[in-house]
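A short worksheet on the structure shown next.
The values are calculated or read from the model by the stated rules, or taken from the named source; none is laboratory data. These numbers were taken from a predicted model, which means no experiment stands behind them. Positions of Cβ are backbone-derived with ideal geometry, glycine not excepted, and every protein chain shown enters the neighbour counts. Accessible surface is based on the protein model in full, side chains and every heavy atom, while ligands, DNA and RNA are left aside. Shrake-Rupley method; radii C 1.70, N 1.55, O 1.52, S 1.80 Å.
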Number of protein chains: 2
Amino acid sequence: MTLKGQTQTIPPRSGTAFTLSAGETLTVIDPEGGQVADLLAISAADTREMISSGRTLDYAETLYLSTGNLLYSNRSNVMLEIVEDKVGRHDFLLTPCSEATFRLCYDNEPPHPGCHGNLHAALSPYGIAEDAIPVAFNCFMNVPVDGETGRLKVLPPLSRAGDFIRFHARMDLIIGLTACSAPASNGGSFKPIQYRIGQDEFAR
Amino acid sequence: MTLKGQTQTIPPRSGTAFTLSAGETLTVIDPEGGQVADLLAISAADTREMISSGRTLDYAETLYLSTGNLLYSNRSNVMLEIVEDKVGRHDFLLTPCSEATFRLCYDNEPPHPGCHGNLHAALSPYGIAEDAIPVAFNCFMNVPVDGETGRLKVLPPLSRAGDFIRFHARMDLIIGLTACSAPASNGGSFKPIQYRIGQDEFAR
């Protein structure tokens, strides 16, 4: 159970899920710096409605989302607004790392369920099927793109210890959140992620 | 019914669906030039397995896919390989245009079901739910990205009359394919798309 207002810790290479009510804020914190957190948002009223990278990038007209940008669902409804962002670089292109990612991209690493497996385990009690897990909003993930060639790289996050990104929920949500498991995303290290649910200072 | 080897025409602002067997090729043709075709691929054996932009971009390490690139499913299986490409610029970032796209982005245009609605209608007989429609591989769609700012633009396609892209199916698939309905994608015009299913010259 997530206690409102208290800072929760997600241990390295693991994930969790919790509910977030419309009007509440969710602060995702990188306590040590350089760590990615994959975030999924699913409508609590109908779990077929999920966060959509394709809708969001289309409407935002940018790959790099930050303060003021809205995160849309597959039904083009606003799920979350980014209301504060100390880092300014996050990824919304790539799917959560998975057992297949480790097989295909890290064949010298021991297999790991990855964020995909961790999100699936955490979201199973809410009835979310593994195949339904979409592209996550990858907080702090640093994926620069070469505009000429289209080439993308996964580089260490720009986040420093204590940096955070804060979201304002626009609908009742189920949130999946991880401390990412992929070496490249995290500069080769695995660290915890913290989060905190707050009351809405924006509706007042 | 799709006759193998014969060129089929998708009328402007409409869509269709058909099966494509492992080993067959699918050629998507822009007969007049400057027209986008949204392509979805779904496993015929299990329709929960679908084309995934996030998996594909992660493994390809580029936004701009062309000859030699593989299109992956949400289960990290190869669905299609691009085996020939006369254009070299396609989009795999944005979701098919929908009624909401028209409401949010084209408020001076009459509402239209868009590629999303057309794909949903065409794929309904195969049991594909509307919410399950993912980011499509948007043949000929020209979405340049500014690597510094992340800003993206939807510009007219680079395809000229008769240009095509050819895919090789690596599994038995259900394909959804459109002649795109969004003005910006098509340089303000709406034209037909053609396609042809062929035998596999690559397996010999």
Practice item. Shortest first and in nm with one decimal, please list how far the A:Ala121 label point sits from its counterparts in the other copies (point 7 Å along Cα→Cβ). Key: 4.6
Review point. Once the other residues with Cβ under 11 Å from the Cβ of A:Pro31 are scored (Lys, Arg +1; Asp, Glu -1), what is the net sum?
Key: -1
Revision key, fill the gap. Per-residue accessible area, 1.4 Å probe, largest first, puts B:Thr149, A:Thr16 in the order B:Thr149, A:Thr16
Check your understanding: Taking chain A as a Gaussian network, where each spring joins two C-alpha atoms under 10 Å apart, which residue of A:Leu104, A:Leu71, A:Leu40 fluctuates the most?
Key -> A:Leu104
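Taking 25 Å as R0, compute the FRET efficiency from the Cβ-Cβ separation of B:Thr19 and B:Glu84 and round it to 0.05.
Computed FRET efficiency for B:Thr19 and B:Glu84: 0.70.
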Point to revise | Largest to smallest accessible area among A:Arg166, B:Arg75, A:Arg151 [probe 1.4 Å] | key: A:Arg151, B:Arg75, A:Arg166
Study note, to complete from the structure: For chain A, the charge dipole (Cβ of Lys, Arg +1; Cβ of Asp, Glu -1; about the Cα centre) points to a positive end, and the Cα of A:Leu177, A:Ala45, A:Ala132 closest to that extreme belongs to A:Leu177
Practice item. Using only atoms on other chains, find how many Cβ atoms lie within 10 Å of each Cβ of peptide B:57-68 and report the average. Key: 5
Check your understanding: If ligands, DNA and RNA are left out, what is the accessible area of B:Arg170 with a 1.4 Å probe, given in Å² to the nearest 10?
Key -> 110 Å²
Review point. In peptide A:90-100, what is the residue-averaged number of other protein chain Cβ atoms found within 10 Å of each Cβ?
Key: 4
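Calculated FRET efficiency, A:Ala161 and A:Ala129, Cβ-Cβ r, R0 30 Å, to nearest 0.05?
Details: r = 36 Å, r/R0 = 1.22.
Efficiency, from the Cβ-Cβ distance: 0.25.
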Study note, to complete from the structure: Per the helix-only model, chain A has a calculated mean residue ellipticity at 222 nm (DSSP H runs of ≥4, -39500 (n - 2.57) each, divided over all residues, rounded to the nearest 500) of -3500 deg cm²/dmol
Point to revise | Sequence of B:Asp172, A:Asp91 from largest to smallest accessible area, 1.4 Å probe | key: B:Asp172, A:Asp91
Review point. Quick one: if the Förster radius is 25 Å, what FRET efficiency do B:Asp146 and A:Asn77 give, using the C-beta to C-beta distance and rounding to 0.05?
Key: 0.35
Study note, to complete from the structure: At the level of C-alpha centres, the distance separating region A:124-180 and region B:102-154, in angstrom, is 22 Å
Review point. Just the accessible area for B:His168, please: 1.4 Å probe, Å², rounded to the nearest 10?
Key: 20 Å²
Practice item. Evaluate peptide B:143-156: per residue, the Cβ atoms of other protein chains within 10 Å of its Cβ; return the mean as an integer. Key: 5
Review point. Taking chain B as a Gaussian network, where each spring joins two C-alpha atoms under 10 Å apart, which residue of B:Gly187, B:Gly114, B:Gly176 fluctuates the most?
Key: B:Gly187
Point to revise | Label point 7 Å beyond Cα along the C-beta direction, distances from B:Gly198 to other copies (nm, shortest first) | key: 6.0
Exercise for review: Compute, for B:Lys191, the solvent-accessible surface of its heavy atoms (probe 1.4 Å) with the complete set of protein chains present, and express it in square angstrom to the nearest 10.
Suggested key: 50 Å²
